[in-house]
């Protein structure tokens, strides 16, 4: 990518403003997911705290994460890697490689949604299977809710990849104009960080 100069900055001010809006958008999402993780940790601490004498005795049931969650995590990281390579390629005028990496990223992102859906279905099944039994089973429902919220943002990221893929196919990007590819890669890096943080919270607090 060419080095920016003050003259270039004045001509491309709208692009810099778009980057600022994108950064603020990611920051707001980051605070939202951080609040979700904090809520989950506080909830677990409350469930594990000793009950009073008048409280109805309950049996704590640890959260058993589906195996598909670990597989979907690998697919999520792989998607982020493909998009990173796509941004790296288009910045060096290798549009054909960028297009191939975007296609691979789209397929791995779609695979993430499918595998993640299987895991969330299992969580929902466990939630309703134990809801009539003694024990603190709300963990499965909360884990499903947070996973579902993350999956919705993944759907948005999949649409983003589709848009960038079409524009790349039309030849809209080169070594100077590839901001959308960069933003798409950054967004998926963000989804990686959020999901890994949520997964760590699920495992550590179980």
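List of remarks:
- Only a single item in (1) modelled with pLDDT under 85; (2) buried (at least 18 other Cβ atoms within 10 Å of the Cβ) is not met by residue 98, and it is number (1).
- Count - residues of region 108-131 that are more than 21 Å from residue 153 (Cβ to Cβ) and either outside any helix (DSSP H, G or I) or within 15 Å of the chain's Cα centre (by Cα) (or both): 1
- Filter result for residue 105 (more than 16 Å from residue 182 (Cα to Cα), part of a helix (DSSP H, G or I) and touching a helix residue (DSSP H, G or I) at 6+ places or on another chain (Cβ under 8 Å)): no
- Test: residue in region 132-153 that is more than 30 Å from residue 42 (Cα to Cα) and part of a helix (DSSP H, G or I): no
- Residue count for region 166-197, restricted to those that are surrounded by fewer than 20 Cβ atoms within 10 Å (Cβ to Cβ) and either without any contact (Cβ under 8 Å) to a residue 60 or more places away in the chain or over 20 Å from residue 20 (Cα atoms) (or both): 14
- Which listed residue is more than 19 Å from residue 141 (Cα to Cα) and modelled with pLDDT under 90, from 53, 126: 53
- Condition check for residue 173 on (1) touching a helix residue (DSSP H, G or I) at 6+ places or on another chain (Cβ under 6 Å); (2) more than 19 Å from residue 148 (Cβ to Cβ); (3) in a helix (DSSP H, G or I): one failure, at (3).
The values are calculated or read from the model by the stated rules, or taken from the named source; none is laboratory data. Model, not experiment: these values are computed from the prediction. Ideal geometry is used to build each Cβ from the backbone, glycine not excepted, and the neighbour counts take in all protein chains shown.
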